[in-house]
Each structure stands twice: as structure tokens, then as C-alpha cells.
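Everything on this sheet refers to the single structure shown next.
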Amino acid sequence: MLKINNLHVSIEGKQIIKGLSLSINKGEVHALMGPNGSGKSTLSYVLSGKEGYEIEEGTIEYNGKNLLDLEVDERANAGLFLAFQYPMEIPGVQTSFFLKTAINSKRKFLGMPEIDALEFAKLIKSQAEDLGIGSEMLKRDLNVNYSGGEKKKQEILQMSILKPDMAILDETDSGLDIDALRIVSEGVNKLRSEQNSFLVITHYQRLLNYIKPDFVHIIADGRIVKSGDFSLALELEEKGYEDISKTA
Amino acid sequence: MSTAVKLDMMPSKDISDYAEKVLLNNPFENFKIENYKYAQLHKSITSNVSLDEFKADLSSISSVKNIKLSDTSDIDLLSDLNKWNFNNADSYFRVNSILERSSKKIDLDLFREEIVCLDLSLFKENIHLLKASDSPKTLMINNSNLSEDCARSIILNLSENAKLNIIHYNISNSKSFLYFEINQQNNSNIKFLSFQSNNIHTRNEFFASLEENCSLDLYGLNIHNYGVNDNYSFIQHMKPSSQSREVFKSIVKSGAITNFQGKIYVDSIAQKTDGYQMSRSLILDNESKANNKPELEIYADDVKCSHGSTVSKLNQDQVYYFKSRGIDEEQAIKILQKAFLVETLEAIENTQIKEYSYSLLDSRL
């Protein structure tokens with residue numbers, strides 16, 4: 001599904017990703033763990049297509065296509081989703097309006113008619129309830145005056161209704177209390193199937209207790225230094241990044 | 001030949017001297033009055049852009065009373081010209097329009113319809129409006145159908161406890177210079193929205209004087225592809241416990257210019273005044289310009305007055321966020337523009353007019 005090969009990325013002349021390779025197949029959940037500044041968020045932005053990142057070398061293939069040829073919105077409509085670490089606040093745009101516009105963009109891409117009001121209301125209600133998002137929150141401006149936890153739930157809500165093939169969760173656990181972490185994880189697990197894949201970026205093993213990964217990768221200084229299964233996350237928690245990177 | 005018009009020549013000093021200097025010479029080229037700082041009055045705005053062929057189509061709004069000449073009576077504003085209620089401010093357009101044309105009086109309480117429309121293309125005169133009752137009434141002022149340049153004074157007197165909602169549509173391919181004067185007596189209440197788009201050259205002056213316990217909401221919505229759009233406001237709190245709230249929002253592109261200059265003046269006896277002013281502009285390209293100049297002049301010590309002003313480009317991170325959810329860039333930019341302006345439309349109380357204004361805005365994004 002996603003194949004990153006020998007990726008080199010720089011921002012304003014400074015190299016951040018230095019030869020990263022990673023393959024994610026359909027139905028797999030991969031965790032990417034690493035210390036601050038190792039290039040985790042940069043990788044997520046590059047995958048979603050944010051401007052300002054220079055791809056110096058390497059390829060990214062998504063469902064057989066060259067991902068780097070696609071615009072940000074084209075990548076999203078092709079089934080790629082990034083749950084942001086810091087979701088943008090959008091004053092003046094009601095949350096439910098934003099969700100509806102996003103759904104309709106995807107439907108337009110798929111050649112489907114716009115979603116009717118009743119169907120939309122039903123869809124949002126069922127998904128939002130599971131995440132503990134009340135109807136009052138859907139009327140508020142998108143992410144404006146949301147708490148950290150509410151913002152992350154909102155990201156997962158967007159993911160649940162857009163049903164991406166490939167979802168990247170960028171430190172979705174940061175700023176969450178235990179209850180919110182559980183709710184958000186349940187939201188992710190509900191979407192897990194043989195059809196879609198996840199790249200879960202995190203600092204801590206804690207999240208991975210809830211979202212069990214098939215593979216764990218450790219990133220340091222812009223490249224993956226060690227890969228393994230869930231036990232690697234446990235080992236990491238015990239020894240810390242420095243030790244693991246040394247033994248790599 | 002041109003003459004600089006100085007502040008000390010303004011009306012309260014010597015009207016005939018002022019008139020001679022202003023009217024006999026073309027004052028615009030060196031027009032150095034601070035309140036006209038950005039107005040660019042000397043410039044004749046010729047543009048190569050295709051003009052907006054907008055005509056206000058109010059047919060979707062039911063039961064509108066269109067004010068006719070027969071609904072008006074004569075009033076002499078000339079004899080009042082020397083009276084000037086506003087401190088350390090001046091209006092060239094007030095003097096000019098009152099000297100140049102006669103004036104008509106309209107009593108808004110005489111109409112039984114809730115919505116009353118004043119189409120400025122139907123009148124050559126200045127307009128003096130009266131509202132004494134507290135019955136809900138919406139006044140639409142339309143200067144979108146003008147076929148020639150227009151410089152007018154529109155004076156509004158609200159009696160005690162009176163209420164009025166005003167929506168001004170200013171979308172014109174003729175030059176339009178309007179002087180609005182709002183005099184509010186105790187406990188009166190006004191919500192005023194000026195909806196401005198694609199004017200060749202327009203200047204609106206809003207002079208308001210508030211007595212005790214009044215409220216004034218003055219909102220400006222600007223979205224322009226061309227032209228000079230200049231707004232000046234002077235909100236004067238003369239008695240205690242009144243509230244004024246100004247929100248002017250502008251979006252400019254393709255070389256359009258938008259200006260907002262506004263002052264809140266609080267008299268020494270006007271304690272417990274609550275004044276708020278916000279002017280925000282969004283510039284969508286490198287050819288367009290926005291000038292915002294907030295001013296406060298406060299002589300009382302127990303007041304709450306705040307102002308804010310921003311000029312910025314579209315937030316690209318917000319556009320990216322939309323795109324990351326599959327929404328294309330063009331649609332994202334439209335939604336973000338609307339989100340920026342939409343707060344001002346909340347000043348409209350009548351739901352039909354509100355809907356009409358929303359669709360008008362949509363057609364301009």
C-alpha cells in the first residue's frame with residue numbers, strides 16, 4: 001500500500017530525513033517511535049503533501065502511484081489521512097459544516113452525489129457519540145476553544161467518517177488523559193480492518209497498549225534504526241532511546 | 001490650481017469662507033486633512049477590470065416599502081450648517097452636500113411595513129430620517145442602482161427608546177460619497193451593517209453621537225476586486241452608560257484598496273461607556289492594499305474601550321488543513337473568506353434580508 005524508499009528530505013537547507021525506507025502493506029498497523037527531532041512529524045507532513053519540504057532523494061509509492069505527484073487534496077481523496085498533532089483552529093467555520101464539506105469532496109471524487117441531510121445527521125451522530133462528542137460541539141467553530149483532548153477526538157471523528165485506506169496518527173496520544181486515550185484508541189480500533197493500514201507515530205509505548213501494532217520501528221536522526229514487533233516497544237520503554245539506538 | 005483645506009477652515013469657523021475655498025478650487029490634490037488620509041480623493045479611478053454589473057434585486061424579500069418622493073417633505077438643513085456636534089472632527093462631504101443640494105425629511109414611523117427601502121438613485125436630495133417608536137423596523141439604504149456620481153448627507157435622528165436596524169448595500173459603478181450622521185437619544189438602539197463590494201470609488205463617513213444608555217452596533221463588510229473603498233467613523237459618547245461596537249472586515253484582491261479609519265470619542269461626563277472597535281483586513285494578493293487606523297480619544301476615567309486592528313494574508317496552514325481533508329484549494333479559500341466576513345452579517349435581524357445578504361456574499365466569493 002505504502003512504500004517509502006531511501007527518502008531524503010530537507011527544510012530550508014537542513015536535512016531532516018536521511019535515507020528512510022518503510023513498507024506498509026494492506027491491513028497492517030505500524031508504530032513509529034523516536035525521540036524529539038528525529039523526523040517523525042516531518043515524515044507525516046511529507047506524506048500528506050505539506051509545502052515547504054524538499055524531497056532531495058528517494059521515492060514514495062502509494063497504491064502503485066507516485067504519491068509525490070499528487071496534491072494534498074488528491075492524496076486525501078485517494079485515501080490518505082493525517083491526524084494532526086496540532087489541529088488547526090478555523091474560526092467562523094462550524095464543525096459540522098466542515099465535516100459535511102469534507103465528506104462531499106470525497107463523494108465528488110468518487111463520482112457520488114452529495115450526501116443528503118438526514119444521512120449526514122445519522123452518520124455524524126453515531127460516530128460522534130462513540131467518541132463522546134456532543135452535538136453542541138459540532139455546532140461550535142472547528143477546533144476553536146477546544147481542549148487538547150477534544151481536538152484529538154475531532155481528528156479521529158474526521159478519520160471515522162472519511163474512512164481512509166491509510167491513516168497516519170501523529171502523536172495522537174499527546175495531551176490526552178487516560179480516559180480520552182482509551183476513547184480515541186477505540187475509535188481507531190473500530191476502523192481497523194484487513195482493508196486499511198495505520199502508521200502510528202508516538203513517543204510512548206502507552207498508546208500501543210491500546211492500539212496493538214504489527215510492527216514497531218525506531219527512528220533516530222532521520223532514519224529507521226531498528227524494526228521489530230510489539231516487544232521492541234516494551235524494550236524501548238525499559239531502556240530508553242539512547243540505549244536502543246546504540247545497540248542498533 | 002489647488003488649495004489645501006486646513007482643519008481651522010472647517011464649518012464651525014466661517015462657513016462662507018470654507019465654502020469658497022472648498023467649492024471654488026479643487027481641493028483634492030493636496031487634501032491634507034487627517035480624516036481623509038487614505039481616501040485618495042484626487043484620483044480618478046479608471047480601471048481596466050470588467051465591472052461588476054450588480055443590481056440589487058430585492059424581489060425575494062416580501063413586503064418592502066420603497067420610499068417615494070411623495071413620502072417626503074422639505075427640510076432646511078442649510079440653516080443648521082453651522083451647528084456641528086462632533087468634537088475635533090470634520091466632514092467635507094457634509095458641508096459640500098448640504099451646500100449643493102436641498103434636503104428631504106422622512107418619518108419612518110409613518111410606514112406600516114417592517115422593511116423600508118431608500119433607493120438613493122430615486123433621490124437627488126439629502127435625506128433626513130426620523131424614528132421615534134420602538135417598533136421593529138429595518139431600513140435598507142441602497143446605493144447600488146446609481147447611474148451618476150453621488151455625494152449625499154443622510155441624517156438619522158432616533159428619539160428616546162427608538163430602535164432601528166439598517167442595512168446599506170454599497171455596490172456601485174458610480175462614485176459614491178456618503179455622510180451618515182446618527183443622533184441617538186437616551187435608550188435608543190441601532191444595528192447598522194454596510195455591505196460594500198466592488199465600488200469604483202466610495203467613501204462612507206459614519207458620525208454618531210450617543211446620549212445615555214444607548215447602543216450602537218456598526219458593522220462593515222467589504223469584499224472587493226477593484227476600486228477604492230474608504231470608510232471613516234467617528235463614534236461620540238456624550239453621556240454615560242452607552243455602548244458602541246464596531247466591526248469592519250475587508251477582503252481585497254486584484255488591486256483593490258480598502259481603508260478603515262475610526263475614532264471612539266468619550267466625553268468627560270460619559271462615564272461607564274463601553275466602546276469596542278475591531279478592523280480586520282485580509283489581502284489575497286500582492287497588488288491590493290488595506291489601511292486600518294483605529295483611534296481613541298477618552299476624557300472620562302471610568303470607561304471600557306478597546307480596539308484592535310489586523311491586516312494579514314490568508315493563513316496557508318488553514319488552507320492546508322482543508323486540503324488534507326480532500327477539499328480543493330479553491331473551495332477552501334472561498335470557505336475561509338466567508339468565515340472571515342460572516343460575523344458582520346449577524347447585525348441583520350430580518351431573516352429574509354439576512355438570507356439575501358448571505359447569497360449576495362456567496363456570489364462574490
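Within the stretch B:344-365, track down each residue that is within 12 Å of chain A (Cβ to nearest Cβ) and at pLDDT 95 or above.
Within the stretch B:344-365, B:344, B:345 qualify.
Given the stretch B:100-212, what strands (runs of 3 or more DSSP E) lie entirely inside it while holding 1 or more residues that are under 20 Å from residue B:63 (Cβ atoms), modelled with pLDDT of 95 or more and over 14 Å from the mean Cα position of the chain (by Cα)?
Output list reads B:103-107, B:115-119, B:126-131, B:138-142, B:163-170.
Could you tell me which of the residues B:242, B:279 is within 15 Å of residue B:305 (Cβ to Cβ) and touching a Leu at 6+ places or on another chain (Cβ under 7 Å)?
On inspection, the qualifying residue turns out to be B:242.
So which residues in the stretch A:148-177 are acidic (Asp, Glu), in contact with a helix residue (DSSP H, G or I) (Cβ under 7 Å, 6 or more places away or on another chain) and touching a residue at least 60 places away in the same chain (Cβ under 8 Å), if there are any at all?
Listed by number, the list holds a single entry, A:170.
With the requirement that a residue be in contact with a Lys or Arg (Cβ under 8 Å, 6 or more places away or on another chain) and in a strand (DSSP E or B), what does the stretch B:230-246 give you?
B:230, B:231, B:232, B:233, B:234, B:235
Going by what's in this entry, would residue A:161 be described as surrounded by 14 or more Cβ atoms within 10 Å (Cβ to Cβ), assigned to a helix (DSSP H, G or I), out of contact with any Phe, Trp or Tyr (no Cβ under 7 Å at 6 or more places or on another chain) and within 14 Å of another protein chain (Cβ to nearest Cβ)?
Spelling it out, residue A:161 is indeed surrounded by 14 or more Cβ atoms within 10 Å (Cβ to Cβ), assigned to a helix (DSSP H, G or I), out of contact with any Phe, Trp or Tyr (no Cβ under 7 Å at 6 or more places or on another chain) and within 14 Å of another protein chain (Cβ to nearest Cβ).
Of all residues in the stretch A:64-96, which are outside any strand (DSSP E or B), more than 8 Å from chain B (Cβ to nearest Cβ) and more than 17 Å from the chain's Cα centre (by Cα)?
A:64, A:68, A:69, A:70, A:89, A:95, A:96
Being surrounded by fewer than 14 Cβ atoms within 10 Å (Cβ to Cβ) and either over 21 Å from residue B:145 (Cβ atoms) or in contact (Cβ under 8 Å) with a residue 60 or more places away in the chain (or both) is the filter here; which residues of the stretch B:110-122 pass it?
B:110, B:112
Would you confirm whether any residue within the stretch A:24-42 is of a type in the set (D, E, K, R) and buried (at least 16 other Cβ atoms within 10 Å of the Cβ)?
Yes; the residues of the stretch A:24-42 include at least one that is of a type in the set (D, E, K, R) and buried (at least 16 other Cβ atoms within 10 Å of the Cβ).
Residues are listed down the side, and each one gets a yes or a no for (1) within 24 Å of the chain's Cα centre (by Cα); (2) within 14 Å of chain A (Cβ to nearest Cβ); (3) under 30 Å from residue A:163 (Cα atoms):
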| site | (1), (2), (3) |
| --- | --- |
| B:266 | yes, no, no |
| B:272 | no, no, no |
| B:280 | yes, yes, no |
| B:283 | yes, no, no |
| B:311 | yes, no, no |
| B:314 | no, yes, yes |
| B:322 | no, yes, yes |
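One residue is enough: does the stretch A:100-111 have a residue meeting the conditions away from chain B (no Cβ under 13 Å), modelled with pLDDT of 95 or more and either in a helix (DSSP H, G or I) or over 21 Å from the mean Cα position of the chain (by Cα) (or both)?
Yes.
Out of (1) in contact with a helix residue (DSSP H, G or I) (Cβ under 9 Å, 6 or more places away or on another chain); (2) in a loop (DSSP other than H, G, I, E, B); (3) more than 7 Å from chain A (Cβ to nearest Cβ), the odd one out for residue B:327 is which?
Of the numbered conditions (1) in contact with a helix residue (DSSP H, G or I) (Cβ under 9 Å, 6 or more places away or on another chain); (2) in a loop (DSSP other than H, G, I, E, B); (3) more than 7 Å from chain A (Cβ to nearest Cβ), the odd one out for residue B:327 is (3).
Run residue A:176 past the list (1) away from chain B (no Cβ under 13 Å); (2) under 30 Å from residue A:23 (Cα atoms); (3) exposed (fewer than 15 other Cβ atoms within 10 Å of the Cβ) and report the number of the one that doesn't hold.
Exception for residue A:176: condition (3).
If I ask for residues that are touching a residue at least 24 places away in the same chain (Cβ under 8 Å), within 16 Å of residue B:336 (Cα to Cα) and either assigned to a loop (DSSP other than H, G, I, E, B) or not β-branched (Val, Ile, Thr) (or both), which ones from the stretch B:287-324 would you list?
B:312, B:313, B:314
Of all residues in the stretch B:86-109, how many are surrounded by 14 or more Cβ atoms within 10 Å (Cβ to Cβ) and closer than 18 Å to residue B:209 by Cβ?
Number of matching residues: 9.
The values are calculated or read from the model by the stated rules, or taken from the named source; none is laboratory data. Since the model is a prediction, treat every value here as computed from it, not as a measurement. Neighbour counts run over all protein chains shown; Cβ positions are idealised from the backbone, glycine included.
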